[in-house]
1. Return the pair list, or none, for Cβ contacts closer than 8 Å from residues in region 103-123 that are under 16 Å from residue 86 (Cα atoms) to residues that are aromatic (Phe, Trp, Tyr) and assigned to a helix (DSSP H, G or I), at least 6 apart or on different chains.
2. Out of the residues in region 170-187 meeting the condition of being over 27 Å from residue 95 (Cβ atoms) and not polar (S, T, N, Q), tell me which one is least open to solvent (accessible area, probe 1.4 Å).
3. Tell me which helices (runs of 4 or more DSSP H) are completely within region 99-203 and hold 2 or more residues being under 23 Å from residue 74 (Cα atoms) and at pLDDT 85 or above, or say none if there are none.
4. With the condition being surrounded by fewer than 17 Cβ atoms within 10 Å (Cβ to Cβ), I'd like the helices (runs of 4 or more DSSP H) fully within region 7-96 carrying at least 3 qualifying residues.
5. Could you grab me the full set of residues in region 156-169 that are surrounded by 17 or more Cβ atoms within 10 Å (Cβ to Cβ) and either of a type in the set (S, T, N, Q) or under 18 Å from the mean Cα position of the chain (by Cα) (or both)?
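The values are calculated or read from the model by the stated rules, or taken from the named source; none is laboratory data. Please read all numbers here as calculations on a predicted model, not as lab measurements. Cβ coordinates were reconstructed from backbone atoms using ideal geometry, including for glycine residues, and neighbour counts include every protein chain displayed. These area figures cover heavy atoms from the full protein model, side chains too; ligands, DNA and RNA do not enter into them. Shrake-Rupley method; radii C 1.70, N 1.55, O 1.52, S 1.80 Å.
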Amino acid sequence: MTAIKIAIVDDHPLFREGVSRSLSEIEDFVVVGEGASADDAATLTASHRPHVVLLDVSMPGGGINAISEIVVRSPQTKVLMLTASEDVDPLIAALRRGAAGYVVKGIGSRGLAEAIRTVVGGSRYISPSMRAKVEQSLLDRPASLTGRETEVIELVAEGLSNKHIARRLDLQEKTIKHHMTEILSKLGATNRTEAAIRWRQGA
């Protein structure tokens with residue numbers, strides 16, 4: 001059986017160490033790295049290419065902000081968010097950015113292991129208490145952007161034109177236009193300005 005490689009990024013050492021210890025005791029789980037910030041998440045992803053990154057929502061640099069960098073650096077890596085809050089807005093923002101799952105920290109080790117296996121298997125995992133607060137239609141919308149689409153919308157949000165984005169990413173302008181068509185569809189936006197606003201707000 002292929003081991004599932006996991007990176008844990010949370011700025012609370014005791015919580016992080018407890019999660020690491022619990023997961024390491026599971027036969028096919030291997031914790032390949034730990035960190036405490038968005039920068040650490042990007043570095044661990046690039047270095048270890050884990051199957052899953054457990055990412056704290058409220059750590060330094062912002063867990064939600066870190067999702068985009070992880071998706072770009074390692075598209076095959078699944079992002080599973082960890083939170084102590086049951087606010088819906090961060091959940092929606094995380095899913096928009098490309099997170100594969102969202103877990104409330106009160107979960108036990110067995111439940112967390114189930115969540116990890118679920119996202120590695122290609123399905124989305126949302127803690128039941130959170131899922132009940134969100135309309136099913138919103139959860140099921142195919143809004144996750146690819147790594148390249150994430151790069152494009154970030155540059156759009158910075159105010160760059162398609163021509164300048166093409167130069168920055170060393171792509172043809174028609175390729176950028178294709179990506180924009182997909183982005184508008186996924187974000188439910190009618191123009192690039194609206195798309196950029198929705199992306200930034202996670203709406």
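1. Taking only residues 6 or more apart or on different chains, the pairs are 105/15.
2. Just the residues of region 170-187 that are over 27 Å from residue 95 (Cβ atoms), to begin with: 170, 172-174.
Now narrow it down to the ones that are not polar (S, T, N, Q): 170, 173-174.
Details: 170: 136, 173: 75, 174: 144 Å².
By that ranking, first place goes to 173.
3. Details: elements: 109-120, 128-131, 136-139, 147-157, 162-169, 173-187, 192-201.
Answer list for region 99-203: 109-120, 147-157, 162-169, 173-187.
4. Numbers: elements: 13-24, 38-48, 63-73.
By residue number, 13-24, 38-48.
5. Correct list: 162 only.
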